[in-house]
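Please treat every number below as a calculation from the coordinates, not as lab data. All values reported here derive from a predicted model rather than from experimental measurement. With ideal geometry, Cβ positions are generated from the backbone for all residues, glycine too; neighbour counts draw on all protein chains shown.
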Amino acid sequence: MRTRTINAVIVLASLASMIGCAGSQSSVTSAAAAHVGAAAPRGEQCGPDCYRIFNGKDLTGWVSVNCFSDTFIARDGMLFCTGNPVGFLRTDRMYENYVLDFDWKHEAKEGNAGLFVWSDPVPSSAQNNFPRAIEVQIMLTPDVKDKEGRLLYTGQGDVFSIWGSKMTPLRPHPAGWERTLPSERVTKGAGEWNHYKVTCDRGNITVEINGHEVSGAKDVSPRMGYICLESEGSPIWFKDVCVKELPAAVPALAAKDVAMDGSGMRRLFDGKTLAGWHEEAGDEGHWTFDGGVAKFDGKGDSLWTAEEFGDFELVADWRWTKDHQGKMKRPMIGADGNEEKDAAGNVKEVEIEERDSGIYLRGNSKSQVNIWCWPCGSGEVWGYRTDPAMSAAVRAACTPKVHADKPVGEWNRFVIRMVGDRLTVDLNGKRVIDNAQLPGVPAKGPIALQSHGCPVEFENVFVRPLK
C-alpha cells in the first residue's frame, strides 16, 4: 500500500458508532478482553512462549473480510495471496501486546501488500476497502518524492496510520505525515524471502527487517485489535507466521484504545455470487457483482437472506447511482413523524430526484429501515412512522433525528442494531434512530435488501448475531 487519503473525522465517527452499538465504553473494553481470553487453543510452538497463528494447512484462526474465497490459500505449507481483489485477511481474535515474526516474498518486481496491526475487523468504509489500523508496509518500490524533493514513502518498511488510527512517527516525516520512514534499506527484492519482526507493546511499535531495526511508531491508538494481512494487486507469499504474546496493560485499556470487537461478525456476500441469498424464481439477473460490489438494476424483486436472524448487529454500505425515478415533490417530516404544514394548513413539500430502497428486518416489510432521498433522510421506519395505530412516541422514535445522508454517488454506512423490539440505527456515524420500539415486530426472520424501482449498490454487508 502506498498512501491513503484519510477523512479522519468521518471515519472515527463511523467506527465510534459501531462500538457504541455494543453498549457503554466500559462494556466494549470488557467484551474485547473477554474475546482475547476466550481465544482458541494455541497453535504449534515455534519458540519459547511463541506459537504459530498460521498452521500451514488451512485458514483456521483467520477470517477473510472482503476478499474472495481463493484470494488467500494455504499452499505447500505457506500462505499464498493472489492480490485480487484488494482487501484483507484478519485473525479471528484480538491481540494487545505481542511480538509477530513472519517471512514474506513478493513475486512481482514492484509488489504491494501490507501488515495491519491493532486493526478494526471491517473496512472503515466502502470507498477504501481497508480498516482503521497501523500499517507496516510490505512493498517493493523505488523511493517516492514530491516535486519539492521531499521523500514521501519507500518500499523499505514504512510504518503509518490509516483510516483514523493515530500514531506519532519515531522521526519527523518530511511532509508532516503520520509515517515513519526507515533508518536503513535492507529489504530484499522480488523472489527473495524477507523476515519481519514486529513488536507491538503498550502503544509502541518497532519493526525489524532481516535483523535490522528500521522503523516503528509510538503513542498509537487503538493499541489492541486484530492482525491483518493485506491483498493489494500483486501475488505474495507468507510463511512461519508466529506470535509471542506479552503481558497486558495494567490497568486495562480504555475503550478508545481498543478496536471494534468483531467476534461473531461475518460477511453476507462472498463478493462473487448470491450464495446465502434468495432470488425469486424467474427473477434472476437483476442483482450482479462488480469488484465485490452488489449492484441492483432497479428491476425484479427484493433480495432475501436464506438465514433468519433474531437479535443482531448489521453493517451495510450503500450508495445511489445517477439513475432515479424522476423528479417528485415529497413532504417535509417533523420530529414527531407527522407531515409539516404551513400557516394555511398545506403540507410543506420539496422537489427531489426520487430514489427509494431499504433494508427489511426480520422478514417483515413493516420493520424497514428506509434508504431514500426524502428531506427527513434515510433510516426512517415507514411502516411504524405512518401507522396511525401506533402511539405518538413510537411514531416519533421511528423518524430520523438528523439528515445524515451523503450526496448521490457517495458511499453511506448503516450500522443497525436490533434487540428484542428495539431498533437503533447509525448513518455515517450519526445516530438517526435511537432505541425505537417496534411493537409487534417478529422475533426472528430474514434480512432483505429492498427493490423499490431504483438502482442501488451495496458493499461491506456484515452481520453479527447477538443470540
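Seen through its C-alpha gyration tensor, with square-root eigenvalues sorted a ≥ b ≥ c, segment 8-263 comes out rounded because a/c lies under 1.5.
So how tilted is helix 25-37 from the main axis of the chain? Cα-based, degrees 0 to 90, rounded to 10. It works out to around 50 degrees.
Looking at the square roots a ≥ b ≥ c of the eigenvalues of the Cα gyration tensor of segment 267-465, which shape do they give, rounded for a/c under 1.5, prolate if a/b is larger than b/c, or oblate? Because a/c hits 1.5 or more and a/b fails to exceed b/c, segment 267-465 counts as oblate.
Anything over 29 Å Cα to Cα? Flag those among LYS295/LYS341; LYS166/LYS467; LYS327/LYS406, in the order listed.
LYS295/LYS341; LYS166/LYS467
Within the P(r) computed for segment 176-278, what percentage of the Cα pairs occupies the region above 21 Å? Value for segment 176-278 (Cα pairs over 21 Å): 55 percent. Express in whole angstrom the spacing between the alpha-carbon centres of segment 299-341 and segment 354-428. One Cα centre to the other: 7 Å.
Look at (i) 4, 19, 29, 28, 16, 4, 0; (ii) 4, 20, 28, 24, 15, 7, 2, 0, 0; (iii) 4, 15, 19, 14, 12, 13, 12, 7, 3, 0, 0: the one that is P(r) over Cα pairs in 10 Å bins from 0, in percent derived from this structure is (ii).
Grab the other residues whose beta carbon is less than 9 angstrom from that of VAL402, score K and R as +1, D and E as -1, and report the net. That sum, taken over residues with Cβ under 9 Å, equals +3.
On full extension of the chain, what length is gained from ALA275 through TRP177, given 0.36 nm per residue of separation minus the C-alpha to C-alpha distance?
Roughly 31.1 nm would be gained on extension.
Counting beta carbons within 10 Å around each of ILE162, ILE138 and listing the fewest first gives the order ILE162, ILE138.
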